[in-house]
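Structure first, commentary second.
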Amino acid sequence: MSTPILLVEDEPAIADTVVYALSTDGFAPHWVASGEAALAAAAGQAFALAIVDIGLPDMNGFELFRRLQAAHPALPVIFLTARSGEIDRVVGLELGADDYVAKPFSPRELVARVRTVLRRTQRAAAGATAPPAAFAVDDERKQIRFHGTPLELSRIEYRLLKVLVERPGRVFSRDELMARAWDDPGAAFDRTVDAHVKTLRAKLRAVAAGEDPIVTHRGLGYSLREDAAR
């Protein structure tokens, strides 16, 4: 069965070229021309990867990325854009995108990047299909245990720690964490994330004084140590 790829591109000529390149290489591309159409498609079908143009007619590609990630956190994304400025690359990659291709581009190169990202994310998923043994997430009870001890967590602390525990080793930017843990991400600030992480660390140390499983990545965000249980 062909691997389904979501392509979000508003220029038909470029979309046709990408669809042809992906199809002839064994993929099953699904093309949409707007952000809202992309969200609807992702809600109705599971995709292995999304290729997202930043310059969409109805919303910024970065905003679409945030909304896709909030609903489908495991979906890898490659940005496709006419912008070549370094700042756009930095913003896209710091948000958590898996790659960034600037127009004009070689269709073969894009397909090669798709394969590279899929191999990388599939290896990561195979190595992290379950949370570290030190943590146990009970989503029905909205409870997380650390070394068998239930943690007393606020709603936001629960969501924040759950995101980290379910993807050990994955670095989440503060923007990503706000999008996934806060009801109104726009009302939160970077320092608010830092304050909640500080509180989480204190609660984890209260259970296991010698452990600090949450890693700070300066200028990037936070992750859970892959060896947290070892």
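The values are calculated or read from the model by the stated rules, or taken from the named source; none is laboratory data. Worth saying up front: this structure is predicted, and the values here are computed from it rather than measured. Cβ atoms come from the backbone with ideal geometry, glycine included; neighbour counts cover every protein chain shown. Just the protein is used for accessible areas: all its heavy atoms, side chains included, with ligands, DNA and RNA removed. Shrake-Rupley method; radii C 1.70, N 1.55, O 1.52, S 1.80 Å.
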Assigning unit charges at the beta carbon (Lys, Arg +1; Asp, Glu -1) and nothing else, what dipole magnitude in debye, to the nearest 20, does the chain show about its Cα centre? 960 debye
Taking a ≥ b ≥ c as the square roots of the eigenvalues of the Cα gyration tensor, with a/c under 1.5 meaning rounded and otherwise prolate when a/b exceeds b/c and oblate if not, region 11-63 is oblate
Projecting the Cα atoms of 38, 22, 96 onto the charge dipole of the chain, where Lys and Arg contribute +1 and Asp and Glu -1 at Cβ, the residue farthest towards the positive end is 96
Before rounding to the nearest 500, sum -39500 (n - 2.57) across all DSSP H runs of length at least 4 in the chain and divide by the residue total; then give [θ] at 222 nm in deg cm²/dmol. -14000 deg cm²/dmol
For residue 39, what is the net charge nearby, where nearby means another residue's Cβ is under 12 Å from its Cβ and Lys, Arg count +1, Asp, Glu -1? -1
With angles folded into 0 to 90 degrees, how steeply does helix 61-71 sit against the dominant principal axis of the chain? Use alpha carbons for both and round to 10. 50 degrees
Give me the net charge of residue 184's neighbourhood, meaning all other residues with Cβ under 14 Å from the Cβ of residue 184; Lys, Arg count +1, Asp, Glu -1. +2
Cα-based Lys pair tally, the chain, threshold under 18 Å, eight or more apart or on separate chains: 4
Report the local net charge at residue 10: Lys and Arg +1, Asp and Glu -1, summed over other residues whose C-beta lies under 11 Å from its C-beta. -4
Rounded to one decimal in nm, the spacing of the 7 Å Cα→Cβ label points at residue 74 and residue 171 is 2.3 nm
How many percent of the accessible area of the chain is carbon or sulfur, using a 1.4 Å probe? 52 percent
Where both residues lie in the chain, what percent of DSSP beta bridges are antiparallel, nearest 5? 40 percent
